[in-house]
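For reference, the structure discussed in these notes is given below.
Please treat every number below as a calculation from the coordinates, not as lab data. Since the model is a prediction, treat every value here as computed from it, not as a measurement. Positions of Cβ are generated from backbone atoms using ideal geometry, with glycine treated the same way; all protein chains shown enter the neighbour counts.
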Amino acid sequence: MTRTACTHTHSTSQHPPPPPTYAKWKEWGCGHRDGTKGDIEEGSLVAQLASASCVWWWWGGAWCSLNLTHRCRPGPTSLPAIPVKFSEKQQASHYLYVREHSVREGATSTWPQKRTLFVLNVPPYCTKECLSRLLSCCGSVQSVELQAKPDLAESPKEPSSKFFDPKPIPGFQVAHVVFQKPGGVVAALALKGPLLISTESHPVKTGVHKWISEYADSVLDPEALRAEVDTFMEAYDQKMAEEEAQAKEEEGVPDEEGWVKVTRRGRRSALPRTEAASLRVLEREKRKRARKELLNFYAWQHRETKMEHLAQLRKKFEEDKQRLELMRAQRKFRPY
Amino acid sequence: MGPAPAGAAGELEVMEPMLEGAVKKKKKVSLKRRVEARSPAEGLLQPVKLSRAELYKEPTSEELNRLRETENLFHSSLLRLQVEELLKEVSLSEKKKERIDAFLREVNQRILRVPSTSETELTDQAWLPAGVRVPLHQVPYTVKGCFRFLPPAQVTVVGSYLLGTCIRPDINVDVALTMPREILQDKDGLNQRYFRKRALYLAHLAQHLAQDPFFGSVCFSYSNGCHLKPLLLLRPHGKDERLVTVRLHPCPPPDFFRPCRLLPTKNNVRSAWYRGQSTDGSPGEPPTPHYNTWVLQDTALEAHVQLLSTVLGSGPGLKDGVALLKVWLRQRELDQGLGGFSGFLISMLVAFLVSTRKIHTTMSGYQVLRSTLQFLATTDLTVNGISLCLNSDPSLPALADFHQAFPVVFLDFSGCLNVCADVTASTYHQVQHEAQLSMALLDSQAEDSFQLLLMTPKPMVRAFDHILHLRPVSRLQAACHRLKLGPELQDYGGDYVSAALGPLTTLLEQGLGSRLHLLAHSRPSVPKWEISQDPPKHKDTGVLTLGLLLRPEGLASVLEMGPEADQPEAAAFRKLWGPRSELRRFQDGAIREAVVWEAASVAQKRLIPRQVVTHLLAHHADIPETCVHYVGGFLDALIQGPKETSGTGEEALAAVVRCYDDLSRLLWGLEGLPLTVSAVQGVHPVLRYTEVFPPTPAWPAYSYYERLRKQASLVPRPDKPCPAYVEPMTVVCHLEGSGQWPQEAEAVRRVRAAFQLRLAEILTQQHGLQCRATATHTDVLKDGFVFRVCVAYQREPQLLREMRSPEGMITLRDTPASLRLERDTKQLPLLTSALHGVQQQHPAFSGAARLAKRWVRAQLLGEGFSDESLDLVAAALFLHPEPFSPPSSPQVGFLRFLHLVSTFDWKNSPLVVNLNNELNVEDQAEMRSGFLAARTRLPVMVIFTPQDRKSSMWTQDGPSVQILQQLVVLAAEALPILEKQLLDPWGPGDIRTVFRPPLDMYDVLIRLSPRHIPRHRQAVDLPAASFCRGLFTEPRPSLLMPVLGYDPPQLYLAQLRAAFGDLALFFYDQHGGEVIGVLWKPSSFQPQPFKASGMKGRMAVSRGGELAMVPHVEAILEDFAVLGEGLVQAVEARSERWAV
């Protein structure tokens, strides 16, 4: 297999054609243009202009254009690929694909503009600490965030509990690396590599050693669990109490149109507003109506019932014929 | 993988390499056929759509008639169509009939042209040319009388060809040659003289016809396997060679023999002649009923055909019925050989039923089949014989006389000939048993009853629980002497196999008693030999095979209780058991004769019949144990735990279940929990007896481990071999209902965690058990077993389902989380208890299910199938055994598992497992129609149970099309190999062959180091090396929690799948596999456009000016080694298929 590095020029400084207009967008059949999450997959090549000189794509939460006219070896202006190996012993290396994190104008991002590096194809044995150590040569690293796949929501993660949300097993990941200074990003884009994940001074555990340490970590302290549960439940009880107090407060107070909301307190409300309950009511109505109806009373009803029976038989017959055809095709009638 | 076969066209490509690997050796034809069958549009049932106009048009009278006929004469329209189709398949086309008729005319002419010979003494056979041997064993040789050949007086076609009931393939036309009266002399019926002449007649005929180039082959065979009655087989020359076989039966002129001389009480083989000694001492000549019958059969050939043609000619349904019955018999291997229930017998039976008006001439073929089966199922011809004879002549013998001489009695219209003379009692009982099973099947109105009744072969090895072979059969000659069967040998003309069969089967039936449901024997196949050779000897008939159908309830006891010592029956008991019988005093004070067998475990108890059989055969028939090859427990070794010596795990499983029962009692009685425990339900496979290797109590040696003092737990040490694998057994614990639970899913989880903590605390305080609580479960160490108790809140799935619409209406929508929770806490306990029930009903369930699971995992396909789905397939074998009876031994259960998996039409039908018999016929029909409508949304393999009528929840996550297909292919290949090994125990190969996976289909093999495989000793072939796993064998006080669920290969696989799951498939046998098979997915090796989310282990290359991503295989192969450091020994790349 020949190894040819990525060859796209990322044209930010030159003059790319404008982002696709809405009409163009419709023409390409891609739904509406300000593709929110769900419409466009991250990184998908969405449109190619007729001249094939430029590609628009949705990446990192923003429209980016790629100029296809200049193809060259990996360089400062292309999508840079940094070779990365587990240790000296390995022959072949994976490539980290990096670019500056940028978003479309107007969109917000939790990661600071200019200072954030977006890294693709992070191998499973590469941890946060490891990545931060590897890139610290380009400038001091403020934070590293690893994700299974590029996530557009970028919502700040809720503090997850190690008791209730066990970490999934990592595969290849993407990373957002925030440097303290914009210079770090520039330096990282020019990085040649190859980077070594596990070195003499900083060995990374894999295999049996890793599993044993993970097993040891999985044996948790019940006291810590108890403490966490207690804190959560306290907060929950407080929240419930507040809600109840608010509901009580609102009770009996007419709104601006003069309506007063009356709620029955207690374990069972009068008629729960659930779908199941409304279905039950409908069903009851239907049964009531069916009881009143007369069956096979009029001559035409009789006739219709007969016809219905015949139609059923015909349908069954057709089905059986089809089944038989299939059996014949499968040679199911050769007894031995 | 996509669930829908129809929409899975793209994914089918993945299958290509797998298939290629598996069926590489197969012929091209079969591959082509499979490819055809796989095309998605055909081969898949679609719901029928008829337009309104078509559905509601006025019916024609023809249509109405057909519909009415279907309703009256058949069970359903499908059955009618199927029956018609089958008859079309087996009946003879007009074109072929014409060709056969032409051939018959030629045969007739050529026979009449055979020259006569001059008269010679019977013993002077020098006139026979060298190229032909007399097709008869002439023992003793000297017979008085003369013979000369004259062309037959008459050549008539008799038998099924004339009646139009012969069925394809193997068309035989029976032709009767009436020998001229001049050849025969008075008293030819005596001392085999008639048979000698008959044989010489055929020999001369054969020699002349063989010279005729018109015939493709001329050879001898026996008529119905009877060795005194040879017949000549003629086949046309050239391309018609396979078309037809003409069988020439010489027969005496009508009225030559006087029937009164050939009654069953008469003797026609003189002892003086047969034994060559005077009979002074003997009280009189013994009757020779079988010999007499064989002579009589020849005299009645034409008369029988006339009778049958009048009866069967009276209605078209009768002929169809006979054809169906013949297929039915043939599928059950009942019609072949001496004493088989042949097509002639069944035609006579139909004639009898017509004459007694049990069958009417207007009946359809299906109804004839049903009535005949009904008659067979309810009538025991061994006790109440039947007769076609209408005249009540007092000179005719009574039925009772026939019962004296023959086991099964069915007289023809003459009243002298028993057409069932050669049928043994066991054969008839087998027929009766089959008829009963078939009637039950027809009455159950199952949808596929036709398929099961007429299309499923029932070979002996799959139909009977245990099989035993007697070899060499020449031992039976000695047995005959031992059993004092001299007169019988005289009657059978020296055929010691047939002579000994009856007494031997009776003996074994008597000895096996309550353990036995049915004993059947194989009928030696009818030999065929060249005319220049001597007829085959009796000992050449091969192996005598007996099949035992066992009664599970009888297998539980090791004691054979006899009569009290002073009773007269005691002597008979002692005679039967010989030295094994001993006097014992029982708890109630009685002193009885008794036999006690040694059996410690369930597996050994299942093999008590073996001890019984070998003892009885050695004691009574002088057949040593070396000649008895008992096939019953060969597969047991595969489910025997590494430390077990005798049992196959049933005892170990029962010990775990007892421990679990104790624990659940403790849980019920707990004090101090805010809510009391309302139910404890096991969900782990061990608790339904289907775990392949039951856990053994773990007593860890603490020095072997690191300790976590605070959590009182042990942790493995990197410098030691991996510690023993201890799997926690999950138990769901329900609490009493309460309104105090929070109404928010997150909060419920926290409260549950609090319960887990409290549970651990209380169990430790009140019962001194070692516990460890986490947010979702509490691990409890009890008697060396670890149980994982999960507290469940009944309404939690409901809470996860609730969604509030904008109008404030609460709607319930299934979410993945709610479905999973409901499955684990609600459905799984139900399933576990239902399968536990199956085990109580059928003791062999555990063994069969575990063998099946073991095999699937040994083929490295275990991860594709959930535990539950395989258990359900195994349960189906016991709950829906049709057309068999439920298996009573793991071996036969496993064979049927392979058969079911390889023949079931997974694409077009759901496997309905009627647990607890909760589904009636309408329910099942509804499920099937629902299945058709929803086929594309359902998983590839669909299993419905009463609790799961729509979604097939246990197969939702797999298998994929490819994995299932692979399993089907492997099962279809394994079944014949295994059956051959069981049937031919002296052949090459060993029983584990089918459990060794084919490895040549994988692209990469990752070899693992046994040091870090904790279940290494469970491997199919017991490894030479063994490692210390840090366990004591003796019980110790357990203060620290052992290492739970730590299995490095599984952890490694999880990592591999997370990282490379979309590039490759990984296959591994969790029971001690030393190798992981990797298969690249061809679809992901196609260069793909650049995509941020699809980067995973790929690299970007420029390909013809386009930017493309391809997997970076060199780096990935090195990753395999990096991720599994310490565990992985070597990564072998075996193919270059990935080199894009």
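Where in the stretch B:729-758 does the amide nitrogen come within less than 11 Å of the point 7 Å from the Cα of A:Ala277, taken along Cα to Cβ? The answer is none. In loop segments of the stretch B:155-221 as defined by DSSP, the trypsin sites (Lys or Arg not before Pro) with at most 15 further C-beta atoms inside 10 Å of their C-beta are B:Arg181, B:Lys187.
Taken along the Cα-to-beta-carbon direction at a fixed 7 Å, the label points for B:Thr378 and A:Ser143 span 8.5 nm.
Applying 1/(1 + (r/R0)^6) with r as the Cβ-Cβ distance of A:Lys89 and B:Arg992 and R0 = 22 angstrom yields a FRET efficiency of 0.05. Stretching B:Ser678 away from B:Gln404 to a fully extended chain increases their span by 92.0 nm, per 0.36 nm per residue minus the current alpha-carbon distance.
If the chain linking B:Ser1083 and B:Val558 were pulled fully straight, counting 0.36 nm for each residue of separation and taking away their Cα-Cα distance, it would gain 183.0 nm.
I want to make sure I understand the PRE zone here: with the label point 7 angstrom from the Cα of B:His836 toward its beta carbon, which residues in the stretch B:554-594 have backbone N atoms less than 11 Å away? So the set is empty, nothing qualifies. By the compact-protein rule of thumb, 2.2 N^0.38 Å, the alpha-carbon radius of gyration of the stretch A:280-336 corresponds to a ratio of 1.97.
Model label points for A:Glu234 and B:Leu708, set 7 angstrom from Cα along the Cα-to-Cβ axis, are 2.6 nm apart.
With 20 Å bins beginning at zero, the pair-distance distribution over Cα atoms of chain B amounts to 10, 33, 33, 19, 6, 0 %. Would you be so kind as to identify which of B:Cys480, B:Met455, B:Gly511 lies farthest towards the positive end of the dipole of the stretch B:442-523, taking Lys and Arg as +1 and Asp and Glu as -1 on Cβ and the Cα centre as origin? Toward the positive end, the furthest listed residue is B:Cys480. Helix B:1113-1123 and the longest principal axis of the C-alpha atoms of chain B enclose an angle of approximately 70°. Counting only DSSP H runs of at least 4 residues, each contributing -39500 (n - 2.57), and dividing by the residue count of chain B, the helix-based mean residue ellipticity at 222 nm comes to -11500 deg cm²/dmol. Considering only B:Tyr56, B:Pro152, B:Ala400, the residue lying farthest towards the positive end of the dipole of chain B is B:Pro152, judged by Cα position with unit charges set on Cβ.
Which of A:Lys316/B:Lys907; A:Lys128/A:Lys210; B:Lys826/B:Lys907; B:Lys88/B:Lys229; A:Lys85/A:Lys114 have a Cα-Cα distance over 24 Å?
Values: A:Lys316/B:Lys907 20 Å; A:Lys128/A:Lys210 16 Å; B:Lys826/B:Lys907 28 Å; B:Lys88/B:Lys229 34 Å; A:Lys85/A:Lys114 27 Å.
Result: B:Lys826/B:Lys907; B:Lys88/B:Lys229; A:Lys85/A:Lys114 exceed 24 Å.
Which FRET efficiency, nearest 0.05, do B:Ala934 and B:Glu1034 yield, Cβ-Cβ r, R0 60 Å? That pair, B:Ala934 with B:Glu1034, gives E of 0.60. Note on B:Lys980: lysines with a C-alpha under 20 Å away, same-chain residues under 8 apart excluded, are B:Lys25, B:Lys26, B:Lys458. For B:Arg270, nonlocal amide neighbours, meaning residues 5 or more places apart or on other chains whose placed amide H falls under 5 Å from its own, are B:Asn191. Packing, taken as the mean count of other beta carbons within 10 Å per residue, orders the peptides A:284-290, B:701-707, B:156-162 from highest to lowest as B:156-162, B:701-707, A:284-290.
How big is the protein assembly as shown by the Kirkwood estimate over distinct Cα pairs, in Å?
Every distinct Cα pair counted, the radius reaches 38.8 Å.
Quick one: angle between helix B:316-331 and the longest Cα principal axis of chain B, in degrees between 0 and 90, rounded to 10, please. Compared with the principal axis, the helix lies near 60 degrees.
For the cross-link pairs B:Lys266/B:Lys326; A:Lys306/A:Lys332; A:Lys332/B:Lys95, the ones whose C-alpha atoms lie over 32 Å apart are B:Lys266/B:Lys326; A:Lys306/A:Lys332. Evaluated at q = 0.15, 0.21, 0.22 Å⁻¹, the base-10 log of the normalised Debye intensity for the stretch B:569-627, with identical point scatterers placed on the Cα atoms, takes the values -0.55, -0.92, -0.97. Model label points for B:Lys720 and B:Leu73, set 7 angstrom from Cα along the Cα-to-Cβ axis, are 7.9 nm apart.
Given 0.36 nm per residue, what is the gain on full extension from B:Thr123 to B:Ala618 after removing their alpha carbon distance, in nm? Show your work: numbers first, answer last.
Values: separation 495, 0.36 × 495 = 178.20 nm, distance 4.06 nm.
Contour length minus Cα-Cα distance gives 174.1 nm.
For chain B, the longest principal axis of the Cα atoms and the long axis of helix B:496-512 meet at an angle of about 40 degrees. Along the charge dipole of the stretch B:999-1133, which of B:Ala1130, B:Pro1037, B:Phe1066 sits closest to the positive end, that is, farthest toward it, with unit charges on the beta carbon of Lys, Arg, Asp and Glu (+1, +1, -1, -1)? In the stretch B:999-1133, that residue is B:Pro1037.
The chymotrypsin sites (Phe, Trp or Tyr not before Pro) found in the stretch B:522-628 that occupy coil by DSSP, while having at most 16 further C-beta atoms within 10 Å, are B:Phe586.
Backbone amide hydrogens, once placed in the peptide plane, bring A:His94 within less than 5 Å of A:Val84, excluding anything fewer than 5 places away on its chain. Of the peptides B:626-638, B:656-668, B:458-470, the ranking by mean beta-carbon count within 10 Å, highest at the top, reads B:458-470, B:626-638, B:656-668.
Other protein chain C-beta atoms within 10 Å of residue C-beta, averaged over B:733-744: 1.
Remark on A:Ser161: its backbone amide H falls under 5 Å from none of the residues 5 or more positions apart or on other chains, H modelled at 1.01 Å from N. Within the same chain, aspartates and glutamates fewer than 8 places from B:Lys484 are excluded, and of the rest, those with a Cα less than 14 Å from its Cα are B:Asp622.
Counting only residues at least eight positions apart within a chain, or on another chain, the aspartates and glutamates with an alpha carbon under 18 Å from that of A:Lys261 are A:Glu243, A:Glu244, A:Glu249, A:Glu250, A:Glu251, B:Glu807.
Just how large is the dipole of the protein assembly as shown about the Cα centre, in debye to the nearest 20, putting +1 at every Lys and Arg Cβ and -1 at every Asp and Glu Cβ? Kindly include the intermediate steps, with their values, before the conclusion.
Working: 173 positive and 162 negative charges, 483 e Å.
The calculated dipole for the protein assembly as shown is roughly 2320 debye.
If R0 equals 45 Å, the separation of the Cβ atoms of B:Leu1022 and B:Asn172 corresponds to a calculated FRET efficiency of about 0.30.
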